[in-house]
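Q: So that we are looking at the same thing, I have put the structure below in structure tokens.
The values are calculated or read from the model by the stated rules, or taken from the named source; none is laboratory data. This one's a predicted model, so the numbers in the text were calculated from it and none came from an experiment. Quick reminder, even Gly has a Cβ in these numbers, built from the backbone with ideal geometry, and neighbours come from all protein chains shown.
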Amino acid sequence: MCGVAGIVSTSPPDPEQVRAMCRRITHRGPDGEGYYSDAHAALGMRRLAIIDVAGGGQPVYNEDGTVAAVFNGEIYNFMELRRQLVARGHRFATDSDTEVLVHLYEEHGEDLVTHLRGMFAFAIWDIARRRLLLARDRVGKKPLYYRQSGSSLSFASELKALMADPAVSREVDPVALHHYLTFQYVPAPWSIHRGVRKLPPGHLLVWHEGDVRLRRYWKLDFTPRPVGCEQDAAEQARQLLLDATRVRMVSERPLGAFLSGGVDSSAVVAAMARLSDQPVKTFCIGFDDRRYDERSYAATVARRYGTDHHEFVVAGSSALEVLPRVARHFDEPFADSSAIPSFFVAELSRRHVTVVLNGDGGDESFGGYRRYAFMKRVGRMQPPRQLHAMLNSVGSALMQGKAPARLRRFGRGLRLLGETPQHRYASLMSYFTNEGKDALYTAALHEQVAGIDSYDLISRAFDTSRADEDVNRLMDVDVNTYLPGDLLVKVDITTMANSLEARSPFLDHHLMEWAAGLPGRWKVDGQVTKALLKKAMAPWLPPELITRPKAGFGVPLADWLRNELRPMAFDLLTDHTARSRGLFRPEVVRGLLQDHVEGRDRANCLWALLQFELWHRACADRTGNSSTTAAPQPAQGHCG
């Protein structure tokens, strides 16, 4: 596991610039560094040593030194690939997984990615051809940013590394901000900075003599396939999970697991316990607020499998202390509040281990979100088209102002009835509604995002899905939007900030491809989510864990914003610095704050604004405030 960076150009790049980039991501690789440079390329990396600790330094090269690679991630089938490559005459200089990349490239060119099982973001420099290949893993577990400037291209694992170059624009991309306020994250291919892009999951980028080409090499296929009985499928799910867990337990450094008390993380711990002759080290975060505290469920699993269990309780005061630090690590505004407990559980785990396994991906593969059951029930309800405008109008009116929470929820339901299934789902996934953003934006920001509808990102994901059932189609949408944009970013940043590697058995592409072809009714059965997975895990887990409602990894955000975090929120969102950006109307922001204090829940929208402001001060303002400014415009608004 590492951080990578580099520059390629038709003119000689500056190797010292790459060293400066790598210094900014030392936390991703505190165990070492390595560099390569020639007349057209400079590559660098920081290493967190997991496999071949003694000899697995980077960059790695082929036999004659004409191909070089730097790599972030883990290739779980590297021993199998190595045996195949040795049989074809390739000679290896190390025992690391990274070295298979250069030899696979010699055999298969850019199609080498189809042979890899794992998580990765890598750069391969073909010295003779002056050709750079960048690749990102299938679902987006490992990040990769890039910037093209003329005939040059720079890349890095994190934005902060690219920002080491003073030529990179610090200007906020208004479209990225527009999408962020809807979805709580900046979706690929955008980044929060103009001119910098994310390589999307499952994509390649090829640079050659200044020309850039992107290609998608993988997309999860939800096309239905013939299946047997549920009992056989449950057994196959167990075997696939055991295999995915087994390959992720290869490590020369101490290894453990996140254990939240939910079905997914508990299933991974159960699989690890079956595969290990030593007690599994498990780590859990809890809260003083019992509504959000799952420690008792995690403890039940820990006792059942005799794990070496560790806990930490997060308080509002703890969140207050860590917020600026977290904002600096994310490099972009990020408003999933579960990043706070994720950071703390990573910090706790790193005191004991270097690698952790987690339950990420179980919901997207087996239908775990309650919104799937909701959309299955009402997703295809289509009132007559002539009623849509009325339902939207009445629903929006009920949602505005100081209406009681119950009336606001009823209004939102009416609005959903007046929308297409795609827009209904986008609405369920939104922080700010389109109306909320219209009220919030100044005239200057309105002008910059005119005609851009964030909901179109969800609609396009719907339109490209091959699933023929509602539940599978929703999961397909999440695999292409929410999973890589939110969940995987959160885990990568919070773990790597603590020099900790996270591995996700449920995101094994063999398991995901098998689960994608299963009937939707096996995943969501009435109001029961993850129906098949729960059947599969019944022999492994306590019954109270199987039958409990899904809790998620939430935090008492509304209470924090009325208590411990209230002074920070008011100070940061209403002071001169925030107002001077000219992005948001101050009276609308103050109205949201006041509404929340008076008992009307505006926590999600306030959190999105607060995280943007924290990010701007921690990252953008340190190198110059570049947001568009304009005179504030009066308006009344709401948070959707």
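Q: Which is over 19 Å from the mean Cα position of the chain (by Cα) and crowded, with 18+ Cβ neighbours inside 10 Å, of ASP232, ASP173? Please lay out each step first, then the result.
A: Working: ASP232 fails: crowded, with 18+ Cβ neighbours inside 10 Å.
When all the criteria are applied, what remains is ASP173.
Q: Let me ask another. Taking the stretch 329-367 on its own, how many of its residues are assigned to a loop (DSSP other than H, G, I, E, B) and either surrounded by fewer than 24 Cβ atoms within 10 Å (Cβ to Cβ) or under 16 Å from the mean Cα position of the chain (by Cα) (or both)? If you could, list the steps in order and put the result at the bottom.
A: To start, the set of residues in the stretch 329-367 that are assigned to a loop (DSSP other than H, G, I, E, B) comprises 331-338, 351-354, 358-361, 367.
Filter once more, so that each one left must be either surrounded by fewer than 24 Cβ atoms within 10 Å (Cβ to Cβ) or under 16 Å from the mean Cα position of the chain (by Cα) (or both): 331-338, 351-354, 358-361.
Of the residues in that region, 16 qualify.
Q: OK, next. Considering each residue of the stretch 9-38, count those that are touching a Gly at 6+ places or on another chain (Cβ under 9 Å) and within 26 Å of GLU74 (Cβ to Cβ), and give that number.
A: 15
Q: Checking the conditions here, which among ARG197, ARG170, ARG225 is under 20 Å from ALA444 (Cα atoms) and in contact (Cβ under 8 Å) with a residue 40 or more places away in the chain? Working first, answer last.
A: On the way: ARG197 fails: under 20 Å from ALA444 (Cα atoms); ARG225 fails: under 20 Å from ALA444 (Cα atoms).
Exactly one residue qualifies, and that residue is ARG170.
Q: Output the residues belonging to the stretch 452-487 that are over 19 Å from the mean Cα position of the chain (by Cα) and among the polar types (S, T, N, Q).
A: SER459, THR464, SER465, ASN472 - these are the residues of the stretch 452-487 that are over 19 Å from the mean Cα position of the chain (by Cα) and among the polar types (S, T, N, Q).
Q: In this structure, does LEU518 turn out to be under 30 Å from HIS616 (Cα atoms) and either surrounded by fewer than 22 Cβ atoms within 10 Å (Cβ to Cβ) or not assigned by TED's automatic domain parsing to the domain that holds LEU440 (or both)? Explain how you work it out, then say what you get.
A: On the way: under 30 Å from HIS616 (Cα atoms): no; either surrounded by fewer than 22 Cβ atoms within 10 Å (Cβ to Cβ) or not assigned by TED's automatic domain parsing to the domain that holds LEU440 (or both): yes.
Answer is no for this residue.
Q: Sticking with this structure for a sec: Could you please give the count of residues in the stretch 251-266 that are within 19 Å of ILE546 (Cα to Cα) and either surrounded by fewer than 23 Cβ atoms within 10 Å (Cβ to Cβ) or not hydrophobic (A, V, I, L, M, F, W, C) (or both)?
A: Qualifying residue count, the stretch 251-266: 6.
Q: Another one. Please go through the stretch 453-468 and pick out each residue that is under 17 Å from PRO174 (Cβ atoms), in contact (Cβ under 8 Å) with a residue 40 or more places away in the chain and outside any helix (DSSP H, G or I).
A: Within the stretch 453-468, just SER454 meets the criteria.
Q: Then there's this: Anything in the stretch 1-50 that is touching a Phe, Trp or Tyr at 6+ places or on another chain (Cβ under 9 Å) and at pLDDT below 95? List them, or say none.
A: Selection gives CYS2 alone.
Q: Considering the stretch 298-315 alone, what residues qualify as being surrounded by 22 or more Cβ atoms within 10 Å (Cβ to Cβ) and in a helix (DSSP H, G or I)? So that I can check it myself, show each step before the final result.
A: Here is the first cut: in the stretch 298-315, the ones surrounded by 22 or more Cβ atoms within 10 Å (Cβ to Cβ) are 298, 301-302, 307, 314.
Within the stretch 298-315, ALA298, VAL301, ALA302 meet the criteria.
Q: Can you give me the number of residues within the stretch 273-286 that are crowded, with 24+ Cβ neighbours inside 10 Å and either free of Cβ contacts under 8 Å to residues at least 12 places away in the same chain or in contact with a Pro (Cβ under 9 Å, 6 or more places away or on another chain) (or both)?
A: 1
Here is a yes/no grid of residues against (1) surrounded by fewer than 22 Cβ atoms within 10 Å (Cβ to Cβ); (2) more than 24 Å from PRO254 (Cα to Cα):
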residue: ILE51; (1), (2): yes, no
residue: VAL60; (1), (2): no, yes
residue: ASN72; (1), (2): no, no
residue: PHE92; (1), (2): yes, yes
residue: GLU99; (1), (2): no, no
residue: LEU104; (1), (2): no, yes
residue: HIS108; (1), (2): yes, yes
residue: ASP111; (1), (2): yes, yes
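Q: Does LEU487 satisfy the criteria of being closer than 30 Å to GLY256 by Cα, among the aliphatic types (A, V, I, L, M) and in contact (Cβ under 8 Å) with a residue 40 or more places away in the chain? Please lay out each step first, then the result.
A: Working: closer than 30 Å to GLY256 by Cα: yes; among the aliphatic types (A, V, I, L, M): yes; in contact (Cβ under 8 Å) with a residue 40 or more places away in the chain: yes.
Yes.
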